[in-house]
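A.B. asks: I have a structure I would like to understand better, so I am pasting it below and will then ask my questions one at a time.
The values are calculated or read from the model by the stated rules, or taken from the named source; none is laboratory data. Quick caveat: nothing in here was measured; it's all calculated off a predicted structure. When we count neighbours, we look across all protein chains shown, and the Cβ atoms used for this are built from the backbone with ideal geometry, even at glycine.
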Amino acid sequence: MYSVGSERFEELVHDALQDLPAELASAMENVAVIVEGHADGRSLFGLYEGIPLTRRGPISYGGVLPDRITIYQDTICEHCSDEVQLIGQIRKTVVHEVAHHFGISDAKLKQLGWG
């Protein structure tokens, strides 16, 4: 287990978001990224909740709350032994959850090595 304070962890999540390709980052729409300790009753590194961009339409999508990407600090830290590994896992988790925002499935992510 590798432990960091919440401020440092949030900084690393921010860095991972900043490392996304500019075209991808600028295409993200109506989504909030937050950090929490762990998922209730589940062992998850991250979770995407919302309506993927591929399923949004001018008639079917309006007046909704932002999508939500949650990155789980405690769970990620429990599986890392140093900061290098932590940074890598945060980056992988951020990319994985952002991909869901763009409508990419778990199966496709696994094929691409981000599963």
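A.B. asks: Mind checking which residues of region 42-51 are among the small types (Gly, Ala, Ser) and not in a strand (DSSP E or B)? Write out each step before concluding.
C.D. replies: Kept after step one, since they are among the small types (Gly, Ala, Ser), are these residues of region 42-51: 43, 46, 50.
Residues satisfying the conditions are 43, 50.
A.B. asks: Condition test on residue 15, is it surrounded by 12 or more Cβ atoms within 10 Å (Cβ to Cβ) and farther than 22 Å from residue 113 by Cβ?
C.D. replies: For residue 15, the condition - surrounded by 12 or more Cβ atoms within 10 Å (Cβ to Cβ) and farther than 22 Å from residue 113 by Cβ - is not met.
A.B. asks: On the basis of being within 12 Å of the chain's Cα centre (by Cα), surrounded by 15 or more Cβ atoms within 10 Å (Cβ to Cβ) and in contact (Cβ under 8 Å) with a residue 24 or more places away in the chain, does residue 86 make the cut?
C.D. replies: Working: within 12 Å of the chain's Cα centre (by Cα): no; surrounded by 15 or more Cβ atoms within 10 Å (Cβ to Cβ): yes; in contact (Cβ under 8 Å) with a residue 24 or more places away in the chain: yes.
So residue 86 does not fit the description; no.
A.B. asks: Here are the criteria: (1) small (Gly, Ala, Ser); (2) surrounded by fewer than 15 Cβ atoms within 10 Å (Cβ to Cβ); (3) in contact with a Ser or Thr (Cβ under 9 Å, 6 or more places away or on another chain); (4) in a helix (DSSP H, G or I). Tell me which single one residue 26 does not satisfy.
C.D. replies: All conditions are met except number (3).
A.B. asks: Now for a different question. Could you check how many residues of region 7-30 are in contact with a strand residue (DSSP E or B) (Cβ under 7 Å, 6 or more places away or on another chain) and farther than 15 Å from residue 93 by Cβ? Outline the logic, then answer.
C.D. replies: Quick first cut of region 7-30, residues in contact with a strand residue (DSSP E or B) (Cβ under 7 Å, 6 or more places away or on another chain) only: 9-10, 13, 17, 30.
Then drop every residue that is not farther than 15 Å from residue 93 by Cβ, which leaves 30.
Number satisfying all stated conditions: 1.
A.B. asks: Follow-up. Filter region 75-115 down to the residues that are out of contact with any Phe, Trp or Tyr (no Cβ under 7 Å at 6 or more places or on another chain), more than 21 Å from residue 37 (Cα to Cα) and in a helix (DSSP H, G or I) and list them by number.
C.D. replies: 106, 107, 108, 109, 110, 111, 112
A.B. asks: Counting only residues that are in contact with a helix residue (DSSP H, G or I) (Cβ under 9 Å, 6 or more places away or on another chain), modelled with pLDDT under 90 and outside any helix (DSSP H, G or I), how many does region 52-74 have?
C.D. replies: Looking only at region 52-74, we keep the residues that are in contact with a helix residue (DSSP H, G or I) (Cβ under 9 Å, 6 or more places away or on another chain), and these are 52-53, 61, 67, 69-73.
Filter once more, so that each one left must be modelled with pLDDT under 90: 52-53, 61.
Next, only the ones that are outside any helix (DSSP H, G or I) stay: 52, 61.
Within region 52-74, residues that are in contact with a helix residue (DSSP H, G or I) (Cβ under 9 Å, 6 or more places away or on another chain), modelled with pLDDT under 90 and outside any helix (DSSP H, G or I) number 2.
A.B. asks: Kindly check whether there is at least one residue in region 32-41 that is surrounded by 12 or more Cβ atoms within 10 Å (Cβ to Cβ) and in a helix (DSSP H, G or I).
C.D. replies: no
A.B. asks: Which condition does residue 20 not pass, out of (1) assigned to a helix (DSSP H, G or I); (2) in contact (Cβ under 8 Å) with a residue 60 or more places away in the chain, if it passes all the others?
C.D. replies: So the condition that residue 20 fails would be (1).
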